[in-house]
2 protein chains.
Amino acid sequence: MPPILITVGEPAGIGPDCVLLAWATAPESLRDCCICAPIAWLEERACQLGLDVRLGAVEKPEASTDTLNCWNPLSQDAKTGPVCCGTTSAHTASAVVACIRAAALACIQKKAAAIVTGPIEKAVLRDSGFGFPGHTEFLAHLAGDVPFVMMLASENLRVALLTTHLALADVPAELSVSETLQCLRIVHDDLQTRFSIAVPRIGLCGLNPHAGEAGHFGHEEIDVLAPAVAQARDEGINVHGPLPADTLFSPPMRLEFDAVVCCYHDQGLIPIKALSFGEAVNITLGLPFIRTSVDHGTALDRAGGGKISYSSLIAAIQCARAMHAAHVNQIPERIAKESQCI
Amino acid sequence: MPPILITVGEPAGIGPDCVLLAWATAPESLRDCCICAPIAWLEERACQLGLDVRLGAVEKPEASTDTLNCWNPLSQDAKTGPVCCGTTSAHTASAVVACIRAAALACIQKKAAAIVTGPIEKAVLRDSGFGFPGHTEFLAHLAGDVPFVMMLASENLRVALLTTHLALADVPAELSVSETLQCLRIVHDDLQTRFSIAVPRIGLCGLNPHAGEAGHFGHEEIDVLAPAVAQARDEGINVHGPLPADTLFSPPMRLEFDAVVCCYHDQGLIPIKALSFGEAVNITLGLPFIRTSVDHGTALDRAGGGKISYSSLIAAIQCARAMHAAHVNQIPERIAKESQCI
């Protein structure tokens with residue numbers, strides 16, 4: 001198995017801390033991982049944290065059980081300048097982006113098994129000319145502008161989103177039969193190939209209270225969601241809905257589904273954070289490679305302090321590892337199909 | 001203490017079953033309750049369920065530990081016709097409404113300590129000329145068209161709603177500084193007087209993902225919610241927000257608040273049903289009397305079958321009892337103030 005590549009995201013945040021603390025206290029959890037970053041970012045932070053960590057510089061993605069390996073994809077001449085804990089800098093922004101790009105390309109070229117991303121500081125990247133709302137859109141672009149779906153997954157619940165970072169007022173107009181259908185196809189397909197679920201059971205939330213109560217409170221269920229479900233079911237996708245979201249996440253019903261597709265950000269994020277806080281992994285479905293992410297931000301004020309939890313990083317790595325294991329056991333046609341996309 | 005009045009709601013649904021099964025198996029839980037309904041509705045259902053229940057007909061709200069008392073507020077001549085399990089009828093609709101009205105008036109006149117409402121079939125009442133969306137609006141009307149707030153409460157969480165049964169597309173325009181402020185005042189006031197919380201801690205959810213991220217995804221936080229919070233805090237209300245809703249319901253943060261005020265139905269109903277399914281009680285705040293309700297529907301298909309849970313009824317009664325106990329211990333000025341409203 002090629003290594004799992006970890007990008008640390010914003011170097012002034014807790015991304016480097018998470019990796020270093022995990023290696024220092026639970027090295028086994030990083031046994032098949034390689035960090036994609038300038039080694040200096042980790043050396044300096046290890047020193048600041050008072051951690052005696054054996055780092056290894058490698059020329060290509062490569063894991064080791066003896067050293068925490070760093071693969072620096074930047075050219076020798078690239079100067080990113082010093083990193084000061086808690087203070088973002090325009091100097092490091094392009095290096096942050098270059099690391100993510102290099103890690104994704106390594107995945108596409110099968111030199112890495114997956115990419116696990118640490119938290120970025122979006123405003124800093126935006127100010128430096130990064131033209132994407134976040135990681136996910138950038139990765140989808142690198143993969144050839146493929147359609148994608150944001151999923152949050154924990155042990156007990158998986159939620160996928162029809163819309164993501166959008167004002168609530170804009171959500172109803174954004175819903176369409178074609179995009180809903182596309183999302184259902186991606187979720188169905190990836191639950192099969194990345195999670196080894198032969199016949200995925202998918203629940204779709206209504207947009208409105210009580211899923212509109214037969215058009216009494218909104219028509220999106222009738223006009224958009226139900227037609228998409230009908231078409232998806234015709235294609236053999238085992239999807240039910242649109243169902244009232246509050247009932248769907250109640251204990252009796254949520255166990256009936258392998259994933260719940262939600263109309264908007266908070267509809268999915270509220271229940272998964274309420275039920276699985278600190279254990280949820282952010283996964284991008286639809287990409288021709290495996291990508292998971294921590295579910296926390298940069299926590300700039302806590303970088304270098306040592307008092308953080310790296311449990312989300314571990315969860316993201318474990319999830320990527322399991323998805324890779326499921327994937328390599330899949331039918332060859334799927335892999336062939338994916339290869340054509342690249 | 002005057003009795004707690006229970007209205008059974010739609011007689012063809014499981015409202016009567018819940019009361020009868022609770023009395024048959026846990027009579028202590030109804031020790032201070034009186035049913036507000038024609039006694040025939042309960043006699044027939046008890047027979048159908050094969051329950052040997054001693055019913056008592058009383059002339060005014062009155063509880064007994066020997067008999068399950070029924071107070072029929074309808075005139076002697078009123079004929080509601082037979083009730084057939086599972087089949088709603090226009091004949092009973094006016095009796096259903098009359099019972100709710102009588103129970104509410106008894107509360108206003110201090111002849112009852114609280115009203116606990118069973119589930120109604122809204123469409124049936126609507127077709128019979130009932131001009132209110134539901135119980136809550138009708139009760140607020142009887143109390144003199146007072147402003148009210150819908151709250152769902154369980155052992156671990158209380159959520160209050162700024163808007164209720166409204167299409168999601170209509171929610172953003174419905175939010176206003178004045179209504180948000182009014183809701184915060186009602187929640188604050190009722191947490192003090194009905195729940196004995198001296199300094200209630202209230203959290204307010206943002207409308208948009210990440211509470212709009214400083215205007216990046218929507219402006220309602222900046223234009224409406226934050227100004228309402230500022231004004232409420234000036235009035236001495238301990239409210240925080242608007243906060244990202246997904247973070248607010250995560251375990252570390254939700255414990256910091258006695259109640260969370262939500263912008264729309266699913267924002268509050270999703271987390272409370274996910275975390276406290278079957279234990280949540282629906283409470284109407286702002287009324288000059290105590291009103292709680294079961295959190296389930298009429299379940300017409302299960303009426304008369306015996307296979308139902310009455311746990312929500314018990315929770316609603318316990319909640320009403322606790323609210324009454326808190327209330328009678330309050331400062332007399334408050335009661336005087338309330339009396340003026342009637």
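Side notes on the structure shown:
- Placed amide H near B:I6: partners under 5 Å, 5+ positions off or other chain: B:C34, B:I35, B:C36, B:V116
- Under 11 Å, Cβ to Cβ, from B:L68 - net charge with Lys/Arg +1 and Asp/Glu -1: 0
- Amide H contacts of B:L161 (H built 1.01 Å from N, under 5 Å, at least 5 apart or other chain): B:M150, B:C262
- For chain B, the percent of C-alpha pairs falling in each 20 Å distance bin, counted from 0 to the bin holding the largest distance, reads 31, 55, 14, 0.
- Here the Karplus relation 6.51 cos²θ - 1.76 cosθ + 1.60, evaluated at θ = phi - 60°, turns the backbone of the stretch A:295-307 into coupling constants of 9, 10, x, 6, 6, 3, 5, 10, 5, x, x, x, 9 Hz, with x for every Gly and Pro.
- With the charge dipole of the protein assembly as shown set up from +1 on Lys and Arg Cβ and -1 on Asp and Glu Cβ about the Cα centre, the Cα lying farthest toward the positive end among the listed residues A:H91, A:P209, A:L255 is that of A:L255.
- Length-normalised contact order of the stretch B:147-280 in % [C-alpha pairs under 8 Å, at least 6 apart]: 37 percent
- Debye log10 I(q)/I(0) for the stretch B:147-280, one point scatterer per Cα, at q = 0.18 Å⁻¹: -0.96
- Its Cα centre serving as origin, chain A has a Cβ charge dipole (Lys and Arg +1, Asp and Glu -1) of approximately 760 debye.
- With Cα atoms, 0 to 90° folded angle of helix A:177-195 axis to chain A main axis: 60 degrees
- Alpha-carbon centroids, the stretch B:119-149 and the stretch A:1-47: separation in whole Å: 59 Å
- Calculated FRET efficiency, A:D223 to A:D145, Cβ-Cβ distance, R0 = 45 Å: about 0.95 to the nearest 0.05.
- Cα centre as origin, Lys/Arg/Asp/Glu Cβ charges: the protein assembly as shown dipole, Debye: 860 debye
- Folded to 0 to 90 degrees: helix A:332-341 orientation relative to chain A principal axis, Cα: 80 degrees
- Nearest 10 degrees, 0 to 90: helix A:15-25 Cα axis against chain A principal axis: 70 degrees
- Applied to the stretch A:220-237, the Karplus parametrisation 6.51 cos²θ - 1.76 cosθ + 1.60 on θ = phi - 60° returns per-residue 3J(HN,Hα) values of 4, 4, 6, 7, 10, 6, 4, x, 5, 5, 4, 5, 5, 5, 4, 7, x, 8 Hz, with x for Gly and Pro.
- Local electrostatic count, A:A46, Cβ distance below 10 Å [Lys/Arg +1, Asp/Glu -1]: -2
- For B:K273, the lysines whose Cα comes closer than 28 Å to its Cα, not counting residues fewer than 8 places off in the same chain, are A:K273, B:K122, B:K307.
- Each of B:L255, B:L125 was scored by other Cβ atoms within 10 Å of its Cβ. Listed from fewest to most, they are B:L255, B:L125.
- Taking a point 7 Å out from the Cα of A:A322 in the direction of its Cβ, the residues of the stretch A:1-36 whose backbone N falls within less than 19 Å of it are A:4-5, A:28-33.
- Overall, the stretch B:184-342 carries a charge dipole of about 700 debye about its Cα centre when +1 sits on the Cβ of Lys and Arg and -1 on the Cβ of Asp and Glu, all other atoms neutral.
- Whole-Å semi-axes of the stretch A:1-130's equivalent ellipsoid (Cα gyration tensor): 21, 18, 12
- Distance between modelled label sites at B:E62 and B:N156, nm, 7 Å Cα→Cβ extension: 4.4 nm
- From least to most packed, judged by other beta carbons within 10 angstrom and beginning with the fewest, A:S309, B:S293, B:S312 follow the order A:S309, B:S312, B:S293.
- In terms of packing, defined here as the mean over residues of other Cβ atoms within 10 angstrom, the peptides A:108-118, A:167-177 line up highest first as A:108-118, A:167-177.
- Sequence-ordered 3J(HN,Hα) estimates for the stretch A:136-148 from the Karplus curve with 6.51, -1.76 and 1.60 and θ = phi - 60° stand at 4, 5, 5, 5, 5, 5, 4, 7, x, 6, 7, x, 9 Hz, glycine and proline given as x.
- In chain B, Cα pairs under 8 Å separated by at least six residues give a relative contact order of 23 percent.
- Inter-part distance where the stretch B:178-216 and the stretch A:253-268 are each reduced to a Cα centre, Å: 27 Å
- Over the C-alpha trace of the protein assembly as shown, radius of gyration and Dmax come out as 28.8, 97 angstrom.
- For a straight C-alpha distance cut-off of 22 angstrom, the lysines reachable from B:K60 (same-chain residues fewer than eight places away being disregarded) are B:K79, B:K110, B:K111.
- Neighbourhood net charge (13 Å Cβ-Cβ; Lys/Arg +1, Asp/Glu -1) for A:Q318: -2
- Near the amide H of A:L243, within less than 5 Å, lie the amide hydrogens of A:L204, A:C205, A:G206, all on another chain or at least 5 residues away, with H placed in the peptide plane.
Rule-based calculations on the coordinates, nothing more; no lab input. Since this is a predicted model, take the numbers as computed values, not measurements. Heads up, the Cβs are rebuilt from the backbone with ideal geometry, glycines too, and the neighbour counts pull from every protein chain shown.
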